[in-house]
Amino acid sequence: MAEKRDYYEVLGVSRDASAEEIKKAYRKAAIKYHPDKNPGDKNAEEKFKEAAEAYDVLSNPDKKARYDQFGHAGMGGAAGGAGGYGGFGGDFGGFTMEDIFSRFGDIFGGGRFGGFSSGGAGYGGKTVSRGSDLRVKVKLTLEEIVKGTTKKLKIKKDIKCDQCGGSGAKDSNSYATCSTCGGSGHVTQVVNTFFGRTQTTTTCPNCGGSGKVITNPCPKCHGNGTLKGEEVVEINIPAGVGEGMQLSVSGKGNAAKHGGINGDLLVVIEEEPHAELHREGNDLIYNLSLNVADAILGASVEVPTVDGKARIKVEPGTVAGRVLRLRGKGIPDVNGYGTGDLLVVVDIHIPAHVSPAEKEALEKFRNSDNFKPSATAKTKNIFERMRNYFMS
């Protein structure tokens, strides 16, 4: 599968484009690559679907915010998975052409679009119902976030009726052409106004845009086409996701009535706290508590990482607040832009109570010139050292 293009590049707009500019850009691309204008051209059809996928994300404030922050990985596109992530699946395979026409009815103008029929050859121009989205929360350990993981979730949802196949009808002979729209799925109204006669086309209220009505409903689902049930969904979660990030699994939400398009499954990420490591962006932080002797004399100590333990060298004379960096031991960037580091922040353990022998030994060093704080140490406290480290 070819690497996805940037959605802003697909529509030819800047990242700060307004909603109206995005809409106009999509309309322009859709007219250019519309299947009616390019019959039999597979490349044009793919570009038509690509533009629809870009518009699906950039026209939705929540999806756009996730995309701006996390890129394609924020839409789940890098993960693949059941049904394909993102609004239209990883290779634009999540929806059919008819799905696109029905989903963007406001763009296609209720049956006519830029001189082309919204159904196109073989698409019929009929409105297709869509099931509602479902939202679930998934808790991940730090190890799962660093390495990526696969989760199997049992989802309670509306599923397609297994007796009628989701149509809602008892059999193929249980339909009649809608008398209101004559089978077109749309009704046209002509209204006389001060500016003259105007014509509007809307979805047929009697058949819901399908162009047909059920005369003999399915006895199992009573004509709805859906039943209450559950499904096990396998979700591939990419490495580097973060708290509150939302992945979208196309077509794994509630089933739609009368054989329409399934909704999406929205997976919200929750992070389980780690016992020893704290996350800051793509970096991990570990607080290392050293005894006074190790800080003065230096030592070789073990620190925890996501992969196990790592041994680091503490230089003689290490002060509290010093930060030791283990490069590449942090969290991978969800967009593939490298990996964070493990930052080991040194703390010096000062015992609250000492034995008489320890006190006697310490008294010998109390007045030693070597143990007196220098002028630099007095003026540069731990907070300044931390600030200088992170700004460097």
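Quick note: the coordinates plus some simple rules give every number you see, no bench work behind them. Keep in mind the model is a prediction, meaning the values are calculated, not measured. Neighbour counts are summed over all protein chains in view; Cβ atoms, including those assigned to glycine, are modelled from backbone coordinates with ideal geometry.
Take the Cβ-Cβ distance between S179 and S132 as r, set R0 to 41 Å, and report the resulting FRET efficiency rounded to the nearest 0.05. List each step's numbers first, then the result.
Details: r = 29 Å, r/R0 = 0.71.
That pair, S179 with S132, gives E of 0.90.
The mean sequence distance of close C-alpha pairs (under 8 Å, at least 6 residues apart), as a share of the length of the stretch 229-350, puts its relative contact order at 24 percent. Residue pairs exceeding 19 angstrom between C-alpha atoms, taken from K156/K257; K49/K151; K156/K228; K4/K139; K63/K329; K313/K372: K49/K151; K4/K139; K63/K329; K313/K372.
Residue separation times 0.36 nm, minus the C-alpha to C-alpha distance between A352 and T141: what's the value?
Numbers: separation 211, 0.36 × 211 = 75.96 nm, distance 3.53 nm.
Answer, rounded to one decimal: 72.4 nm.
Using 0.36 nm times the number of residues separating V323 and Q69, minus their current alpha carbon distance, what extension gain do you get?
Working: separation 254, 0.36 × 254 = 91.44 nm, distance 2.83 nm.
Net length gain for the segment: 88.6 nm.
Potential lengthening of the chain between E360 and T198 amounts to 48.3 nm, from the contour at 0.36 nm per residue minus the alpha-carbon distance.
Quick one: if the Förster radius is 25 Å, what FRET efficiency do V232 and H274 give, using the C-beta to C-beta distance and rounding to 0.05?
After rounding to 0.05, the efficiency reads 0.30.
Using the Cβ-Cβ distance between T188 and R15 with R0 set to 25 Å, the FRET efficiency from 1/(1 + (r/R0)^6) comes to roughly 0.05.
Report relative contact order for the stretch 218-290 in percent, whole number only (criteria: Cα-Cα under 8 Å, sequence separation at least 6). List each step's numbers first, then the result.
Numbers: 75 pairs, mean separation 18.0, N = 73.
Once divided by the residue count of the stretch 218-290, the mean separation gives 25 percent.
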